[in-house]
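The values are calculated or read from the model by the stated rules, or taken from the named source; none is laboratory data. The structure displayed is predicted, hence computed values, not measured ones. Counting neighbours? That spans all protein chains shown, and the Cβs are built from the backbone with ideal geometry, glycine included.
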């Protein structure tokens, strides 16, 4: 597929080279011609110097045949504007914008503009490593009512069938990570020490589910 990227910083250049290595056609836009040095000498894609929300610049990058558009410059306003132009003017189906301001990211998400909130992502990744207890949100729907969370489990849950989580909580197990690989469990799956459990849960039930899973399942019977 053809992907247009706005912003040739560390994220944009890495994204461009990864996509090209995977066999996709890539065009990348940046206001600074010097920024394209980050792509390295082996990059075969298109580089376009200019403002990423300018329609003529987008056309030069092949936006009219693009399957996806990513706005990852260092400016929130520019990223949102470019994402809207790509989606609304040129009809690109897969559009995403990087946003630094978490509050604005949530607003744009509710308006139907897919966003990646850089600050929230970084904070969440750090919290996962320094505070392993409780839960860590991995995804949340646009209305902030349902989340996909990685849950901390009491040791007594290991060795039990995973269906016990569905029976004793309002959460539903989406998948588990075992030995670094994702796995969709079935009714026979037994939790093993070291498994990471990812559940779908309503936001207003998260704290309750955390408390249940942080204790022995015997207390929930």
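Specify the residue that is modelled with the lowest pLDDT; the eligible residues are those in region 126-160 that are outside any loop (DSSP other than H, G, I, E, B), over 26 Å from the mean Cα position of the chain (by Cα) and loosely packed, with under 15 Cβ neighbours inside 10 Å. Within region 126-160, the match that is modelled with the lowest pLDDT is 155.
Considering region 17-41, the residues that are in contact with a helix residue (DSSP H, G or I) (Cβ under 6 Å, 6 or more places away or on another chain) and assigned to a helix (DSSP H, G or I) include one that is surrounded by the fewest Cβ atoms within 10 Å (Cβ to Cβ), namely 38. Return the residue satisfying two criteria in turn: it lies in region 52-65 and is at pLDDT 95 or above and part of a loop (DSSP other than H, G, I, E, B), and of such residues it is nearest to residue 11 (Cα to Cα). Checked region 52-65; the qualifying residue nearest to residue 11 (Cα to Cα) is 61. Between 98, 104, the distinction of being part of a strand (DSSP E or B), surrounded by 14 or more Cβ atoms within 10 Å (Cβ to Cβ) and modelled with pLDDT under 90 belongs to 98 only. In region 69-84, the qualifying residues are those that are out of contact with any helix residue (DSSP H, G or I) (no Cβ under 7 Å at 6 or more places or on another chain) and surrounded by fewer than 21 Cβ atoms within 10 Å (Cβ to Cβ), and the one that is nearest to residue 1 (Cα to Cα) is 84.
For (1) farther than 20 Å from residue 146 by Cα; (2) touching a residue at least 40 places away in the same chain (Cβ under 8 Å); (3) out of contact with any helix residue (DSSP H, G or I) (no Cβ under 9 Å at 6 or more places or on another chain); (4) assigned to a helix (DSSP H, G or I), each residue gets a yes or a no:
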{"position": "165", "(1), (2), (3), (4)": "no, yes, no, yes"}
{"position": "174", "(1), (2), (3), (4)": "no, no, yes, no"}
{"position": "177", "(1), (2), (3), (4)": "yes, no, yes, no"}
{"position": "185", "(1), (2), (3), (4)": "yes, no, no, no"}
{"position": "198", "(1), (2), (3), (4)": "no, yes, yes, no"}
{"position": "210", "(1), (2), (3), (4)": "no, yes, yes, yes"}
